[in-house]
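Here the structure is laid out as structure tokens; the discussion comes afterwards.
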Amino acid sequence: MTGDDIVLLGDKHVGEPYALGARVAKDNADYKGPWDCTEFVSWLYYQVFGILYGCDNNQGNPHTYETYSGSWARDAHTLGQIITVEEAKATPGAAILRFAGSGEVGHIAISDGNGGTVEAHGRTDGITNSVVDGRRWDMGILVPGVTYKSNQIIPYNPPTMVIYRLTHPNMVSPDVGKIQTALTRKGFDTEAVDNIFGELTFRAVKLFQDSVGLNPDGEVSALTAAALGVNFR
């Protein structure tokens, strides 16, 4: 068994539904959704290798313990091996993680080793195959106890646009004002159009994303900007 087997199992679940905050029994081999992104990845690792990873308690009961993007980041630093996104892009079964703002929802996907992913993305597409390039990621992760066989490294192409998100210090731009105006018009109150991407804007973006079936990570990338009708020039 290798990381390729994680990809093969993940692909069998493409098309199944997504639900933010869904909880999955990692020892339930017959589960068919709904999935949360971290629950999906942790379920894959447990099903293929019997490893509980990215959970609030990795020594606990696989039937009940929950997973978080923050727990995946914690385990990457304390238990696993952090690799570059470029390396993860070429490694079947490697996890690719994007940190969340202010301890909130991040995102995680499984690399297929050829520039693609399998992931629990959002309510619109559920479990889906996507790509690594053109998206913001923070790290690749290898889980101890798993055998990985990497392919030839292909350069990672990061997003060509600014990804507006919650940072410290806050991002400040007239483009943030456009985002705030669009959110307000769609009924998601940011309480001000002040050009500052703070906590209230972050939460409004998340609510809007979930309402239209996008991954509710609170980040305004090309997909979210298009859904908002915002054009950055």
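The values are calculated or read from the model by the stated rules, or taken from the named source; none is laboratory data. Since the structure is predicted, the reported quantities are computational estimates derived from the model, not experimental observations. Glycine gets a Cβ as well: all are built from the backbone with ideal geometry, and neighbour counts include every protein chain shown.
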Qualifying residue in the stretch 75-91 (condition: modelled with pLDDT of 95 or more, within 21 Å of L142 (Cα to Cα) and touching a His at 6+ places or on another chain (Cβ under 8 Å)): no
Residue check, V118 crowded, with 16+ Cβ neighbours inside 10 Å and either assigned to a loop (DSSP other than H, G, I, E, B) or hydroxyl-bearing (S, T, Y) (or both): no
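Of the residues that make up the stretch 46-53, is at least one assigned by TED's automatic domain parsing to the domain that holds L9, closer than 24 Å to G218 by Cβ and among the polar types (S, T, N, Q)?
Step one: filter the stretch 46-53 for residues assigned by TED's automatic domain parsing to the domain that holds L9, giving 46-53.
With the extra rule that they be closer than 24 Å to G218 by Cβ, the set shrinks to none.
So far as the stretch 46-53 goes, no, none of its residues is assigned by TED's automatic domain parsing to the domain that holds L9, closer than 24 Å to G218 by Cβ and among the polar types (S, T, N, Q).
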The lone exception for G134 - which of (1) part of a strand (DSSP E or B); (2) out of contact with any Phe, Trp or Tyr (no Cβ under 9 Å at 6 or more places or on another chain) it fails: (1)
Verdict on A90 being closer than 24 Å to L52 by Cβ, touching a residue at least 12 places away in the same chain (Cβ under 8 Å) and of a type outside the set (V, I, T): no
Residue within the stretch 30-49 that is without any contact (Cβ under 8 Å) to a residue 40 or more places away in the chain, farther than 26 Å from I163 by Cβ and crowded, with 24+ Cβ neighbours inside 10 Å present: yes
Matching residues in the stretch 128-170 - criterion: being closer than 20 Å to F99 by Cα, buried (at least 16 other Cβ atoms within 10 Å of the Cβ) and among the aliphatic types (A, V, I, L, M): V132, M139, I141, L142, V143, I163, L166
Number of the exception - F188 against (1) buried (at least 19 other Cβ atoms within 10 Å of the Cβ); (2) outside any loop (DSSP other than H, G, I, E, B): (2)
Residue in the stretch 93-109 that is farther than 20 Å from P159 by Cβ, touching a Phe, Trp or Tyr at 6+ places or on another chain (Cβ under 8 Å), of a type in the set (V, I, T) and at pLDDT 95 or above present: no
Hits in the stretch 166-208 (condition: more than 23 Å from the chain's Cα centre (by Cα) and closer than 17 Å to R136 by Cβ): S173, D175
Some residue of the stretch 86-93 being crowded, with 21+ Cβ neighbours inside 10 Å, among the polar types (S, T, N, Q) and either part of a loop (DSSP other than H, G, I, E, B) or in the same structural domain as R203 (by TED's automatic domain parsing) (or both): yes
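Within the stretch 94-115, track down each residue that is assigned to a loop (DSSP other than H, G, I, E, B) and of a type in the set (A, V, I, L, M, F, W, C).
Of the residues in the stretch 94-115, the ones assigned to a loop (DSSP other than H, G, I, E, B) are 94, 99-106, 112-115.
Once the filter is applied, which keeps residues that are assigned to a loop (DSSP other than H, G, I, E, B) and of a type in the set (A, V, I, L, M, F, W, C), the stretch 94-115 yields A94, F99, A100, V105.
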Which listed residue, of V176, V146, V205, is part of a helix (DSSP H, G or I), hydrophobic (A, V, I, L, M, F, W, C) and within 30 Å of Y45 (Cβ to Cβ): V205
Subset of the stretch 204-233 [in contact (Cβ under 8 Å) with a residue 40 or more places away in the chain and either more than 18 Å from P159 (Cβ to Cβ) or of a type in the set (K, R) (or both)]: K206, D210, V212, G213, P216, G229
